[in-house]
Amino acid sequence: MYRYIFGPVLSSRLGRSLGVDLLVERICSFDCLYCESGPTVFKTQTRAEYADPELVLEELELWLGRHPEQELDHITLGGEGEPCLNSGLGRIITEIKKIAPQTPVAVLTNSSLLTSAQVRSELMNPDVVLPSLDTLIPEEFIRLNRPLPGIDIQEIANGLALFCREFSGRVFLEILLVRGINDSFENLEKTAEFLKKFKYDRLDITCMSRPGAHIHPAIPGDQTLNRWKGVLQQGLSLDKSAQCRELPVEKVDKLAILASVQRRPQTLEQLCLALGLDRKEAAAALNNLKQERLIRVIRDREQNFYTSKGN
Ligand code: SF4
């Protein structure tokens, strides 16, 4: 079983994306209500080699050697926590671009470390950076993102604006709206004002699409969503990533399924599409994993999501 590489997973923003986990454990500066990786176990803002860069790169080379025909839209640094917490981030990005020169490298971040000039400089090399900023209202930030005490949302916003001005790659911003928490008029007004200060390539206003660490999806109503989209997405490209191509059917690998659902709950259909699996065989493998008590099913909005969390 791979320790650092998972997926590919199907991402609505990045297409078929091979995940590289730079934390492996639930280590993050936040403990978001909606986190799909489960509750944060170690909340920190201190950078360290939480995953050894050499081992991460070795494993990626191994994976790419075994999947020569696999078509990827992105290799994405993310996983179980905030990837910028790994102090080997800059080196890992540089090396991935040598190992897989054809595949764009993307980095997901909660933006909290963009306050650091060192982190911003390490993030100059990926093709795409996907920072999130759910709210500019301190009370909403504390309630929704549950940051390490002392982290200030205005400082994060300043770091994000600086980064966007310095970075020459593509920036896909994300705002995840949770009903009754950050979908307020006040947040919309402040965010609209703030976003005028710098350039970015895309703004995704998203909602929870699977069970979160601390809450089930709490999706704002259509009127609220339309208001946010109307104000913030005016004149922006809303192109989603390339549709996923059909893959040659892969042999079902139970451990690859396990590694994937460890990072995010997924339905049978999502797993089949992302990993190129036969539906019947994948269903049998999931059943097997369930009987071995390695995964469980969460029922959410009439869909079964498979996860390894909470067993
Ligand atoms: S959603 Fe992202 S920022 Fe929030 S707790 Fe999970 S990994 Fe951390």
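The values are calculated or read from the model by the stated rules, or taken from the named source; none is laboratory data. Here the structure is a predicted model, which is why all the values come from computation and not from measurement. Don't worry about glycine lacking a Cβ; one is built from the backbone with ideal geometry, like all the others, and counts go over all protein chains shown.
Within region 65-72, can one find any residue that is of a type outside the set (Lys, Arg) and either over 22 Å from Gln270 (Cβ atoms) or in a helix (DSSP H, G or I) (or both)?
Yes, because at least one residue in region 65-72 is of a type outside the set (Lys, Arg) and either over 22 Å from Gln270 (Cβ atoms) or in a helix (DSSP H, G or I) (or both).
From the list Asp127, Asp134, pick out the single residue that is on the phi < 0 side of the Ramachandran plot and within 16 Å of the ligand (Cβ to nearest atom).
Asp134
To keep it simple, each residue is scored yes or no on (1) modelled with pLDDT of 80 or more; (2) under 23 Å from the mean Cα position of the chain (by Cα).
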| residue | (1), (2) |
| --- | --- |
| Arg227 | yes, no |
| Cys272 | yes, yes |
| Gly276 | no, yes |
| Ala282 | yes, no |
| Asn288 | yes, no |
| Glu292 | yes, no |
| Asp300 | yes, yes |
| Gly310 | no, yes |
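Given Leu64, Leu77, Leu60, which one is out of contact with any Lys or Arg (no Cβ under 7 Å at 6 or more places or on another chain) and either within 13 Å of the ligand (Cβ to nearest atom) or more than 21 Å from Ala274 (Cα to Cα) (or both)?
One residue alone meets the criteria, Leu77.
Of everything in region 34-52, what is among the hydrophobic types (A, V, I, L, M, F, W, C), within 14 Å of the ligand (Cβ to nearest atom) and surrounded by fewer than 20 Cβ atoms within 10 Å (Cβ to Cβ)? Give them in sequence order.
Residues satisfying the conditions are Val41, Phe42.
Looking at Leu22, Leu55, Leu10, which is the one that is surrounded by 18 or more Cβ atoms within 10 Å (Cβ to Cβ), modelled with pLDDT of 95 or more and more than 9 Å from the ligand (Cβ to nearest atom)?
Leu22
Please state which one of Asn145, Asn158 is closer than 18 Å to Lys190 by Cβ, of a type in the set (S, T, N, Q) and buried (at least 23 other Cβ atoms within 10 Å of the Cβ).
Step by step, each of Asn145, Asn158 is checked, and only Asn145 is closer than 18 Å to Lys190 by Cβ, of a type in the set (S, T, N, Q) and buried (at least 23 other Cβ atoms within 10 Å of the Cβ).
Specify which of the listed residues (Pro131, Pro83) is under 15 Å from the mean Cα position of the chain (by Cα), under 18 Å from Ala259 (Cα atoms) and in contact (Cβ under 8 Å) with a residue 12 or more places away in the chain.
Answer to the selection: Pro83.
Give the residues of region 182-215 that are touching a strand residue (DSSP E or B) at 6+ places or on another chain (Cβ under 6 Å) and closer than 28 Å to Gln262 by Cα, sorted by residue number.
Leu203, Asp204, Ile205, Thr206, Arg210, Pro211
Might you check whether a residue that is in contact (Cβ under 8 Å) with a residue 40 or more places away in the chain, within 21 Å of Gly38 (Cα to Cα) and within 13 Å of the ligand (Cβ to nearest atom) occurs anywhere in region 153-160?
No, the conditions are met nowhere in region 153-160.
Please count how many residues of region 86-113 are over 12 Å from the mean Cα position of the chain (by Cα), of a type in the set (A, V, I, L, M) and within 16 Å of the ligand (Cβ to nearest atom).
Residues that pass the stated criteria total 2.
From the list Phe163, Phe172, which residue is part of a helix (DSSP H, G or I) and closer than 25 Å to Glu80 by Cβ?
Phe163
Residue check, Glu140 against (1) over 22 Å from Pro83 (Cα atoms); (2) away from the ligand (no atom under 16 Å from the Cβ); (3) surrounded by 15 or more Cβ atoms within 10 Å (Cβ to Cβ), all met but one. Which one?
Every listed condition holds for Glu140 apart from (2).
Take Arg120 and tell me if it is surrounded by fewer than 22 Cβ atoms within 10 Å (Cβ to Cβ) and either within 27 Å of His67 (Cα to Cα) or more than 16 Å from the ligand (Cβ to nearest atom) (or both).
Against the criterion (surrounded by fewer than 22 Cβ atoms within 10 Å (Cβ to Cβ) and either within 27 Å of His67 (Cα to Cα) or more than 16 Å from the ligand (Cβ to nearest atom) (or both)), Arg120 qualifies.
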